[in-house]
Amino acid sequence: MHPRDQKSQRICLWCLEALYHDATIFDLFLKRDICCQQCDQQLRSKRLIFDIGALSCEAHCIYDVHIERALYRLKEDKDIAIATLFFKHAKIQLKRNKNSAHVLMPSSQDKIVERGFDHLHHMVKQHKLDIVDCLRKKDGWKQATKSKQDRKAIKQNIILMETERIKDKDVILVDDVCTTGSTLLTAYELIKPHAKTVRAVVFAVHPIFYEDTKRL
Amino acid sequence: MQSCPRCKSINQHGFFKHQDQWLCRFCLSYASFIDTKQRSREITLHESDYGLPFELTPYQQEVSKQIKNKAMHGSVLVEAVCGAGKTELVIDTIGEALKQSKKVGWAIPRRQVVLQLQSRLQKIFKTLEVIAVCEGYTEKWMGDLIVCTTHQLFRYDRYFDVLILDEPDAFPYKGDRMLETFANNSVVGNIIYLTATPSQEQRKLVNEGSLQHVTLYRRPFDNPLPVPIKKVSFRMHLIFWLYCYLKQTDKQVMVFVPTIRLAQRLGRLFNISNITSKTEDKENLIERFITKNEQHIICTTVLERGVTFSDVQVVVLFANHRVFDKASLIQISGRVGRDKNHPFGDCYFLMDETSKEVDQCIQETKRANASAFGV
């Protein structure tokens with residue numbers, strides 16, 4: 001019977017199948033809360049370290065068709081319930097200390113208004129980060145729709161709104177997907193003169209870009 | 001929220017609240033595809049603007065008239081055997097509805113059939129815009145006559161006056177409450193179900209009188225349906241029998257097997273091409289089989305419906321496997337004798353143990369023949 005047709009059947013937040021649909025004997029000793037075993041494995045961080053110029057980056061996983069579909073569900077279908085799963089296992093990477101500040105890569109304002117929420121905020125909400133919204137995108141600029149060449153023009157389209165709250169701090173840049181690194185690099189160049197250290201944490205990185213930039 | 005109005009989900013864990021609105025996660029993705037900008041146009045259709053390129057048989061004409069009359073008063077279940085010409089039976093009903101400026105849709109569970117059907121209906125209704133709406137063809141979803149997959153019905157909330165639901169017993173529509181809800185929500189008028197294998201629920205509705213019933217157990221060429229021949233033996237013997245049969249026959253044979261793995265293994269063993277859902281060049285292989293460039297073919301239930309081959313014999317290996325239910329076996333045996341020039345053929349069910357589904361399929365076939373011919 002499909003989980004849709006069972007009133008109290010707990011479901012996996014990611015795949016919407018029954019929570020224990022892939023249960024093994026070990027599940028007798030484990031309590032699953034939000035994800036089935038397969039999805040939990042997929043979401044575990046693979047700690048992919050790479051560098052964009054002087055910016056040290058860490059990604060959770062490789063960007064593939066499943067991640068693309070999940071992000072589409074969150075951003076276009078507005079399935080906000082799935083948001084907390086993306087950085088579920090990223091507590092260590094996003095670790096904060098007294099001197100840290102987290103800067104989320106900006107979405108365009110009209111997209112935020114259309115969706116009704118900023119997806120990155122919801123993705124990291126569970127970790128109670130010290131978020132500093134100091135970057136803004138100029139209206140009408142949609143990075144995801146641009147070609148590789150045009151993405152470099154993001155430099156003219158992101159502006160740094162304030163520096164007070166990032167001054168002399170350990171800044172962690174957070175983004176959902178790193179495709180060409182243009183957005184992160186622009187943010188790094190804007191923030192570096194003011195911050196003590198800057199590093200980046202992304203959920204997924206494009207496989208070709210990762211191959212070109214990974215730390216050996 | 002007790003249940004979702006769009007997909008009828010009752011799972012409380014699937015609902016969540018966002019901005020003071022309850023949303024259902026199971027069908028959330030469908031909501032974002034609704035495009036309210038496309039509109040239908042007013043059409044004018046005359047009797048002379050459409051027509052089949054051939055004459056229907058007297059039985060088909062009678063059934064077609066019955067469907068046209070009954071569809072005015074309620075939903076209709078059209079039970080017609082495989083190869084009886086179900087598509088042609090409803091053309092007059094569609095024409096009549098369109099002449100009255102009603103909105104007509106044709107929904108079918110399988111994507112590849114949508115494209116074939118759109119092409120056929122466009123040739124019949126030359127002055128109208130007949131559009132196909134399915135995966136890969138979703139930019140334009142408004143037309144004079146809409147042919148779509150059952151998944152795409154979510155776009156047409158309370159839209160159709162007449163909906164023809166072809167093969168409601170086929171995957172993925174069968175047993176999927178969400179798709180059934182999409183279909184019911186898309187219609188303000190009546191639904192015409194076309195099938196060779198009605199479900200228990202449909203038969204129950206017919207018995208209760210809430211669904212009108214029209215039957216046609218006769219193929220256009222007046223040939224009875226091939227009655228499958230059972231062969232029960234142990235596995236190795238069945239495979240050996242099959243090998244000998246394929247070697248000695250000069251006709252084309254479709255060998256149905258229950259699993260993809262068996263299709264691939266048997267294909268390698270017998271050196272025969274196989275078609276499964278995982279085969280990449282399916283269309284090419286089907287084309288080669290149609291043009292007689294392939295003598296035999298091994299396939300799974302992916303070819304049990306929607307394909308017409310001339311002068312083909314059918315063997316179902318391990319017909320007692322749970323994959324082959326009564327409806328599936330009836331559809332498979334219906335691949336035989338679909339050509340006017342070759343109205344007969346062999347159909348074998350090879351089993352390593354007896355099966356209720358096989359016996360029911362054979363009984364059903366004999367019953368249909370008895371109704372049509374009294375044999």
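Within segment A:39-61, one or more residues are buried (at least 16 other Cβ atoms within 10 Å of the Cβ), away from chain B (no Cβ under 14 Å) and aromatic (F, W, Y).
In segment B:169-272, counting only strands (runs of 3 or more DSSP E) that sit wholly within it, the ones holding 1 or more residues that are exposed (fewer than 14 other Cβ atoms within 10 Å of the Cβ) span B:229-232.
When A:K98, A:K91, A:K128 are checked against the criterion of being in contact with a helix residue (DSSP H, G or I) (Cβ under 9 Å, 6 or more places away or on another chain), at pLDDT below 90 and not small (G, A, S), a single residue qualifies: A:K91.
For segment A:164-216, how many residues meet the condition of being of a type in the set (S, T, N, Q) and touching a residue at least 60 places away in the same chain (Cβ under 8 Å)? Number of matching residues: 3. When you look at A:D77, is it acidic (D, E), within 14 Å of chain B (Cβ to nearest Cβ) and in a loop (DSSP other than H, G, I, E, B), yes or no? So A:D77 passes the test. Residue-level check: of (1) surrounded by fewer than 20 Cβ atoms within 10 Å (Cβ to Cβ); (2) away from chain A (no Cβ under 14 Å); (3) polar (S, T, N, Q); (4) without any contact (Cβ under 8 Å) to a residue 60 or more places away in the chain, B:T57 misses just (4). In the set (1) surrounded by fewer than 18 Cβ atoms within 10 Å (Cβ to Cβ); (2) in contact with a Pro (Cβ under 8 Å, 6 or more places away or on another chain), B:G337 fails one condition alone, (1).
Restricting attention to segment B:75-94, the residues that are over 20 Å from B:V188 (Cβ atoms) and not basic (K, R) add up to 13.
One residue stands out in segment B:328-344 among those that are polar (S, T, N, Q) and part of a helix (DSSP H, G or I): the one that is nearest to B:I229 (Cα to Cα), namely B:S333. Counting only helices (runs of 4 or more DSSP H) wholly contained in segment A:144-216, the ones carrying 1 or more residues that are at pLDDT 90 or above and not aliphatic (A, V, I, L, M) occupy A:182-191, A:207-213.
Output yes when any residue across segment A:82-104 is within 11 Å of chain B (Cβ to nearest Cβ), not in a loop (DSSP other than H, G, I, E, B) and not polar (S, T, N, Q), and no when none is. Yes: segment A:82-104 contains one or more residues that are within 11 Å of chain B (Cβ to nearest Cβ), not in a loop (DSSP other than H, G, I, E, B) and not polar (S, T, N, Q). Count of segment B:289-340 residues, restricted to those that are on the phi > 0 side of the Ramachandran plot and acidic (D, E), is 1. Among residues of segment B:173-190 that are over 17 Å from B:A71 (Cα atoms) and within 14 Å of another protein chain (Cβ to nearest Cβ), those with a Cβ under 6 angstrom from a residue that is not aliphatic (A, V, I, L, M) and not in a helix (DSSP H, G or I), sequence gap 6+ or separate chain, pair up as B:Y173/B:P109; B:R177/B:K8; B:M178/B:C7; B:L179/B:Y173; B:T181/B:C7; B:T181/B:K8. Here is the figure for segment B:238-288: residues that are touching a Ser or Thr at 6+ places or on another chain (Cβ under 8 Å) and more than 19 Å from B:N320 (Cβ to Cβ) total 7.
Scanning segment B:26-54 for residues being crowded, with 19+ Cβ neighbours inside 10 Å, away from chain A (no Cβ under 12 Å) and at pLDDT 80 or above gives a total of 1.
Of all residues in segment B:4-25, those satisfying the criterion of being surrounded by fewer than 17 Cβ atoms within 10 Å (Cβ to Cβ), among the polar types (S, T, N, Q) and at the interface with another protein chain (Cβ under 9 Å from one of its Cβ atoms) are B:Q12, B:Q19.
Can you pull out the residues in segment B:108-157 that are assigned to a helix (DSSP H, G or I), aliphatic (A, V, I, L, M) and within 21 Å of B:V307 (Cα to Cα)? Matches in segment B:108-157: B:V113, B:V114, B:L115, B:L117, B:L121, B:I124.
Pick from B:K326, B:K356: which is in contact with a helix residue (DSSP H, G or I) (Cβ under 6 Å, 6 or more places away or on another chain), farther than 23 Å from B:R111 by Cβ and surrounded by fewer than 21 Cβ atoms within 10 Å (Cβ to Cβ)? The unique qualifying residue is B:K326. Tell me which residues, restricted to segment A:1-35, are at the interface with chain B (Cβ under 7 Å from one of its Cβ atoms) and part of a loop (DSSP other than H, G, I, E, B). If the condition is that a residue be at the interface with chain B (Cβ under 7 Å from one of its Cβ atoms) and part of a loop (DSSP other than H, G, I, E, B), then A:Q6, A:K7, A:S8, A:Q9, A:R10, A:L16 are the ones that fit.
The values are calculated or read from the model by the stated rules, or taken from the named source; none is laboratory data. Since the model is a prediction, treat every value here as computed from it, not as a measurement. Neighbour counts run over all protein chains shown; Cβ positions are idealised from the backbone, glycine included.
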